[in-house]
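Following: one structure in structure tokens, then a few remarks.
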Amino acid sequence: AQSVTQPDIHITVSEGASLELRCNYSYGATPYLFWYVQSPGQGLQLLLKYFSGDTLVQGIKGFEAEFKRSQSSFNLRKPSVHWSDAAEYFCAVGARGGGADGLTFGKGTHLIIQP
Amino acid sequence: DTGVSQNPRHKITKRGQNVTFRCDPISEHNRLYWYRQTLGQGPEFLTYFQNEAQLEKSRLLSDRFSAERPKGSFSTLEIQRTEQGDSAMYLCASSLSRGPNDEKLFFGSGTQLSVL
């Protein structure tokens, strides 16, 4: 069965500093990988996704993620965070068919931005 | 595009009562998903519809849960004989699937259920 591990429950970063959120997955075939962001009172929003091809994926809001098959990782990065980036971030792996059928999410990483 | 709409936003009920949630997807989206999210956890997949057909159900979806999408538009999720363990945020998402690598889920803000 597929699984996703986000080892950091909370991360605190100063505004303007760089960010990396870790994600490790377990999946038996080529994974479909996603990062979502959830702000209080808001629905989950897709930041980026990886299906195939270039292992460095660009997303919205200046985020990027790199797929590393050898490490079973799909870490999310941003060179300079803004206070509005404070939110809950979820990594997810898909089952098949574009990945959206039965996504398996990690437990999330809560990002805190210090002024 | 008015987004995915879920009603009600909050529902408080007593144990043993039945509850029903509604999800209005983005118009023309052919796929609709239900997820459940508890505090400190990521969303867990419950079920999904392709148009009006319910194509997949998670083991999490006990016999007390039933979902419908009668005309391939809005969907309802009913929980019968609610239990305290059903307390969670119930999320709905929709997508327009054009192919295996061209699907993007749009999530609603969810319905927060509290069972007393």
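Taken together, the values in this text are just the output of simple stated rules run on the coordinates, not laboratory data. Quick caveat, the model's predicted, so the values are computed rather than measured. Here the Cβ positions follow ideal geometry from the backbone for every residue, glycine too, while neighbour counts run over all protein chains shown.
Modelled spin-label separation between A:E66 and A:R22, with each label point placed 7 Å from Cα along the Cα-to-Cβ direction: 1.5 nm. How high is the FRET efficiency between B:S58 and A:R77 when r is their beta carbon distance and R₀ equals 22 Å, given to the nearest 0.05? Approximately 0.10, to the nearest 0.05. Principal axis extents of the Cα atoms in chain B, from largest to smallest and rounded to whole angstrom, are 42, 25, 25. Taking max minus min of the alpha-carbon positions on each principal axis, chain A gives extents of 42, 29, 23 Å, largest first. Charged side chains reduced to their Cβ positions (Lys and Arg at +1, Asp and Glu at -1) give the protein assembly as shown a dipole of some 420 debye around its Cα centre. Only aspartates and glutamates eight or more places from A:K68 in sequence, or on another chain, were considered; those with a Cα closer than 15 Å are A:E20, A:D54. Using the Cβ-Cβ distance between A:T5 and B:S27 with R0 set to 45 Å, the FRET efficiency works out to roughly 0.75. Counting other Cβ atoms within 10 Å as a rough exposure proxy, the listed residues B:Y35, A:Y89 run A:Y89, B:Y35 from fewest neighbours to most. Restricting attention to the protein assembly as shown, close to 90% of DSSP beta bridges with both partner residues there are antiparallel. The alpha-carbon atoms of the protein assembly as shown define a convex hull whose volume equals 124 cubic angstrom per residue.
FRET efficiency for the B:F74 to B:Q41 pair, using the beta carbon distance and R₀ = 30 Å, is estimated at 0.65.
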